[in-house]
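Report on the following structure.
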Amino acid sequence: MSNILIISELLERSNNLKTVLSFLGEECLSVGFSDAINKIKDYQGFDAVLVDGDSIELAEDLVSKFPAQPFVVVGANGVGNPAKTNIVGHLAEPITYPELTQMLHRCQEYLRQRPSPKTSTANKTRLFRSLVGKSEQIQAVRHLIEQVAPTEANVLVLGESGTGKEVVARNVHFLSNRKDGPFIPVNCGAIPGELLESELFGHEKGAFTGAISSRKGRFELAEGGTLFLDEIGDMPLQMQVKLLRVLQERTYERVGGTKPIKCDVRIIAATHRELENLIADGKFREDLYYRLNVFPIESPALRDRKEDIPLLLQELVSRLERENAHSIRFTESSLSSLIEHLWPGNVRELSNLVERLLILFPNQVVDVADLPIKYQHVDADPFQPDYPEELLEREALNALFGDNSEFNNEPMDDVQEGFTSQEMAAPSSTSLPSDGLNLKEYLSDLEISLISQALDQQDWVVARAAEALGMRRTTLVEKMRKYDINKD
């Protein structure tokens, strides 16, 4: 079947294009504008469509009808805008081999990168959720995963600690033909070298002191699935030799055993180290490196894709919300501050921060001032509440008469009525004068007296005086300012 369509009413132009395309080894088909629509529909999309630009109106109408199809305009430069439409470029006559191959490559990229329903299925969305983002780096990682997953090629995931290398490995596994098999992770840096062989290949009963029974290794447990060798750069040299033999022979033996065991396991390795430098230092085998590095995937650092931070925060909050039944939100200022951070711990550091904030501020809005100091990279807009006098008076009554109830939005009169006559008289033995008194002034004078006494007793240490009066330090400072109480 032809994969390139030529649409032109000019016989000479069609023949020239066919000649060049045949030289490239491409199968092509030539039609006029009257048959073009049906032909494109019947073929369900060509790799490229070369359309005659001399018939401007017909060409533009055709291009607009098939937005998913890449077009190359031949013989004219006045049709469409390659930057905004599915016209990927123009070919001027005489047509040359280099220019035509460049246009075919553009068509190829247009088809490869265009949005497709099959790449956004529920399964892939679920699997890719930890690779959230719209940056070019993370989109490239998702594309590489989709490309290599259906194959049996060994994969080497590179990147700094905390960038989600195991997430990449799990996505490769679950999008592969081995998805129904086990995914077995092994951290080569966390297991002592003398135990790593037994951990990977298993051992027979009595193979060494303490081996009271036979035990399967990780290779055997991963049979038919994927073995993820994390931190492969920390594997001892003697184990590298044995791993290389397994990759070459596809067989291994348990420690203390003589029976070869066949191996049907896909290997995905990961490291944060520069393996080329380790090879130069004699700490990593070059032949093993080329066995593992069949298909490298670079997991990008978070500082290189800062535009993904808002989406990552949303994903992390949603995940923790399902686990803890609490949620948090971020102000624009706090988001801007987090975007400015360099994130040496990458996504793992971001995840830890979200979990910490969720504990400190459950179901609240987080601003810059709520972030730990090292994450505050923009100026905070501090807010100091200015409480009404009535509320401060209520608090004074609360402190004076020992009532610990919450006033909330109760009217002031109701609060005063809540105190008994004994409670009102408790602070002073003075009887009520026959001509009455101004209760508000009386309480103010009493409050000034008690505050002054507390400050004198505590040598004017405001925090201690506030503790003696059973109120917050900020409240005491406000009252001192209100009554103009100072040491002088």
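The values are calculated or read from the model by the stated rules, or taken from the named source; none is laboratory data. Quick caveat: nothing in here was measured; it's all calculated off a predicted structure. Here the Cβ is made from the backbone with ideal geometry for all residues, glycine too, and neighbour counts use every protein chain on show. The accessibility values were calculated without ligands, DNA or RNA, using every heavy atom of the protein model including side chains. Shrake-Rupley method; radii C 1.70, N 1.55, O 1.52, S 1.80 Å.
Points worth noting:
- Restricting attention to region 335-364, the residues that are open to solvent by 70 Å² or more (accessible area, probe 1.4 Å) and among the aliphatic types (A, V, I, L, M) total 3.
- Any hit, region 305-325, residues being under 25 Å from the mean Cα position of the chain (by Cα), over 30 Å from residue 368 (Cβ atoms) and either assigned to a loop (DSSP other than H, G, I, E, B) or acidic (Asp, Glu) (or both): no
- When the helices (runs of 4 or more DSSP H) confined to region 386-488 are screened for residues that are exposed (fewer than 14 other Cβ atoms within 10 Å of the Cβ) and at pLDDT below 85, those reaching at least 1 such residues are found at 389-401, 412-417, 421-425, 439-457, 473-483.
- Once region 237-269 is narrowed to residues that are free of Cβ contacts under 8 Å to residues at least 60 places away in the same chain and touching a Leu at 6+ places or on another chain (Cβ under 7 Å), the residue that is surrounded by the most Cβ atoms within 10 Å (Cβ to Cβ) is 243.
- Taking region 121-162 as the range and being modelled with pLDDT of 80 or more, among the small types (Gly, Ala, Ser) and part of a helix (DSSP H, G or I) as the test, only 140 passes.
- Among residues of region 96-112 that are touching a residue at least 24 places away in the same chain (Cβ under 8 Å), those with a beta-carbon under 6 Å from a residue that is open to solvent by less than 50 Å² (accessible area, probe 1.4 Å) and in a helix (DSSP H, G or I) at least six positions away or on a different chain give the pairs 100/20.
- Exactly one residue out of 272, 203 is touching a residue at least 12 places away in the same chain (Cβ under 8 Å) and either under 21 Å from residue 156 (Cα atoms) or under 33 Å from the mean Cα position of the chain (by Cα) (or both): that is 272.
- When we screen 172, 167 for residues that are open to solvent by less than 10 Å² (accessible area, probe 1.4 Å), part of a helix (DSSP H, G or I) and at pLDDT 90 or above, the only hit is 172.
- Which listed residue, of 296, 300, is assigned to a loop (DSSP other than H, G, I, E, B), out of contact with any Phe, Trp or Tyr (no Cβ under 7 Å at 6 or more places or on another chain) and open to solvent by 10 Å² or more (accessible area, probe 1.4 Å): 300
- Residue in region 190-200 that is open to solvent by 40 Å² or more (accessible area, probe 1.4 Å), assigned to a helix (DSSP H, G or I), farther than 26 Å from residue 312 by Cβ and touching a residue at least 24 places away in the same chain (Cβ under 8 Å) present: yes
- Annotation: of all residues in region 201-228 being closer than 16 Å to residue 265 by Cβ and of a type in the set (A, V, I, L, M), the one that is most open to solvent (accessible area, probe 1.4 Å) is 221.
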